[in-house]
Amino acid sequence: MTDANRELEELARITRQVNEEMRMHGEISASTQQRSFDAQVKNATGIQNATAGLDALAGVVVALKSAAMAATKAMTLGAKGASAMNGAMDSMVQAAKMAAVALTLLVPGGPLVKLVVGGLSALAVSAMETAVELQKMANELGDKLFKSYQDISKSGAAAADGMGGLWSSAKKLGLTMDELGGFATAIAANSKDLALFAGSVSDGRKKLGDMGAALEGSRGEFLRLGMTMTDAIEGQLGYLQLQTRLGNSQKMTTAQLASGAKAYLIEYDALTKLTGQSRKDMEADRDRAMQGEQFAAKIREMQLNGQGKQAEELMKMNAIYSAAGPKMASAFQASVTGNLSNVDAQEANLASNGQMIETTQKVIAGQMSYTDAVSITGKAMGKTADEVGTVLGQFSAYNSSFGPINEQLKLAQLAQGDITTKMVAIKEDQEKLLKGGTDKFLEYMTSLTVFQIKAFQDTQDAALNRLGSSVDMNNLLMKMARLAG
């Protein structure tokens with residue numbers, strides 16, 4: 001029996017069923033109506049499943065209407081940005097999927113023809129779906145970049161290089177798009193120092209990016225020490241701030257700044273390990289110290305006299321003394337200038353038998369390391385606290401003459417076993433981490449993160465290059481919205 005005869009017999013069978021249902025019930029069931037319609041269409045045109053195909057086509061119209069309504073909603077609510085039309089784009093993909101189903105159902109032909117048509121339709125829909133997803137990603141990234149650009153403009157860091165320039169600076173520093181918000185915040189927080197450093201905030205932002213590029217090969221080392229790229233950037237900004245306050249940064253090359261920033265990050269990591277204070281806390285203590293007229297003047301004098309290295313040593317000493325307490329920090333800062341009219345300095349030097357001011361002056365003269373100076377002072381204070389403080393303190397008569405016993409005991413505890421020896425051990429441990437190979441899991445994650453930074457940046461670059469297509473797509477969807485309205 002030929003295919004044509006089989007189809008005629010099927011049509012005749014369905015027709016008999018229609019007549020029987022009419023005779024028995026006075027109406028035809030929905031399923032019988034569908035089979036009858038499909039059989040008649042197939043007999044006349046060769047198209048199978050006509051009802052399902054027409055339903056799919058109706059779905060296309062609904063999905064297109066949905067896309068138009070999503071675009072209308074975005075326009076009505078005043079949604080701005082490249083991603084405002086992402087919902088409408090999803091509806092467009094849904095329309096394409098339904099159109100592919102309709103095409104497969106309505107094209108005449110046998111199983112092989114249906115397979116080919118269905119496969120081609122699926123490929124077309126898949127390509128469109130991929131393109132739309134990439135476009136949506138480009139829209140979202142574009143919005144993030146534009147928002148960060150608007151944020152840095154408020155602190156004066158925007159320039160003629162525009163959004164691309166901001167993204168270029170961020171990439172040089174090892175950041176991906178998700179970290180741009182933190183970068184914009186860091187730029188705003190350090191805008192004044194960036195302006196002093198480079199003559200304008202935007203030029204400072206660009207030079208910071210150049211420093212990051214020079215430190216690209218050190219990213220793995222920072223990661224092994226437990227830092228994120230954001231931590232590293234904040235450390236670089238802290239170093240720039242210090243060098244700017246000392247009047248050095250404008251004279252230094254990018255290579256010198258990068259090398260100095262790396263050493264600074266490693267040194268403050270060591271100080272964190274020694275004192276338990278974070279780098280941010282120590283930088284905040286340094287800023288407070290620099291607000292003092294006498295301390296700031298002395299640091300500036302040393303810088304003008306070519307004692308920049310010793311000035312930096314004093315900053316590290318300030319970090320350790322500040323870890324012991326505010327009175328101890330105040331005493332040290334006054335001792336830097338030899339100012340014994342300061343009450344805190346008088347008490348601390350009485351408690352240390354004059355060692356605070358003596359060792360501090362030796363550091364200024366380049367005759368002693370900062371770790372030896374603090375260690376000697378701490379041990380001297382601990383001796384006084386143990387011999388005198390344990391008695392006078394019980395009568396509330398120690399602090400008023402010798403200074404806070406609790407701060408002195410903290411410093412003494414740091415000095416036990418020799419701060420210099422402790423710092424040597426800390427730095428030896430750091431060296432092992434910096435070289436790598438101490439822990440396979442740390443190596444796995446370091447390698448993965450370094451690889452991901454570049455891979456993510458390349459992927460995001462490719463997505464951002466599609467932003468031009470977003471304009472065309474949004475224009476189309478907006479036209480659809482107007483027509484739908």
Within the range 344-370, count every residue that is hydroxyl-bearing (S, T, Y) and open to solvent by less than 10 Å² (accessible area, probe 1.4 Å). 3
Tell me, which helices (runs of 4 or more DSSP H) lie completely within the range 399-441 with 3 or more residues that are surrounded by 15 or more Cβ atoms within 10 Å (Cβ to Cβ)? 405-415, 419-435
If I filter the range 145-164 for residues that are of a type in the set (S, T, N, Q), crowded, with 23+ Cβ neighbours inside 10 Å and within 13 Å of the chain's Cα centre (by Cα), do I get at least one hit? yes
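How about the range 372-397: which of its residues are surrounded by 22 or more Cβ atoms within 10 Å (Cβ to Cβ) and either touching a Leu at 6+ places or on another chain (Cβ under 9 Å) or more than 24 Å from K427 (Cβ to Cβ) (or both)? Write out each step before concluding.
Initially, the range 372-397 is screened for residues surrounded by 22 or more Cβ atoms within 10 Å (Cβ to Cβ), giving 373-375, 377-378, 380-382, 385, 389.
Answer for the range 372-397, where residues must be surrounded by 22 or more Cβ atoms within 10 Å (Cβ to Cβ) and either touching a Leu at 6+ places or on another chain (Cβ under 9 Å) or more than 24 Å from K427 (Cβ to Cβ) (or both): V374, S375, T377, G378, A380, M381, G382, A385, G389.
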Which condition breaks for K273 when tested against (1) farther than 25 Å from K206 by Cβ; (2) buried (at least 19 other Cβ atoms within 10 Å of the Cβ)? (2)
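With the structure loaded, tell me whether L265 is crowded, with 22+ Cβ neighbours inside 10 Å and in a helix (DSSP H, G or I) or whether it fails that test.
Values: crowded, with 22+ Cβ neighbours inside 10 Å: yes; in a helix (DSSP H, G or I): yes.
When the stated conditions are applied, L265 passes them.
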Taking the range 304-329 as the search range and keeping residues that are within 20 Å of Q250 (Cβ to Cβ) and open to solvent by less than 30 Å² (accessible area, probe 1.4 Å), which one is modelled with the lowest pLDDT? G308
Answer from E221, E293, E301 - the residue that is open to solvent by 30 Å² or more (accessible area, probe 1.4 Å) and modelled with pLDDT of 95 or more: E221
Considering only the range 409-454, state which residues are basic (K, R) and within 31 Å of the chain's Cα centre (by Cα). K427, K432, K435, K440, K454
Mind checking which pairs have a first residue in the range 448-464 that is more than 16 Å from G220 (Cα to Cα) and a second that is open to solvent by 60 Å² or more (accessible area, probe 1.4 Å) and modelled with pLDDT of 90 or more, Cβ under 7 Å, 6 or more apart or different chains? none
Test of understanding: among N248, N190, which residue is touching a Leu at 6+ places or on another chain (Cβ under 8 Å) and not basic (K, R)? N190
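Would you confirm whether or not the range 247-255 contains a residue that is assigned to a helix (DSSP H, G or I), hydrophobic (A, V, I, L, M, F, W, C), in contact (Cβ under 8 Å) with a residue 24 or more places away in the chain and open to solvent by 40 Å² or more (accessible area, probe 1.4 Å)?
So the first thing to find is which residues in the range 247-255 are assigned to a helix (DSSP H, G or I), and the list is 249-251, 254-255.
Narrowing further to those that are hydrophobic (A, V, I, L, M, F, W, C): 255.
Next, only the ones that are in contact (Cβ under 8 Å) with a residue 24 or more places away in the chain stay: 255.
Pick out the ones that are also open to solvent by 40 Å² or more (accessible area, probe 1.4 Å) and you get 255.
Yes - at least one qualifying residue is present in the range 247-255.
The values are calculated or read from the model by the stated rules, or taken from the named source; none is laboratory data. On a predicted model such as this, the values are computed, not experimentally measured, just so you know. With ideal geometry, Cβ positions are generated from the backbone for all residues, glycine too; neighbour counts draw on all protein chains shown. In case anyone asks, the SASA skips ligands and DNA or RNA and just uses the protein heavy atoms, side chains included. Shrake-Rupley method; radii C 1.70, N 1.55, O 1.52, S 1.80 Å.
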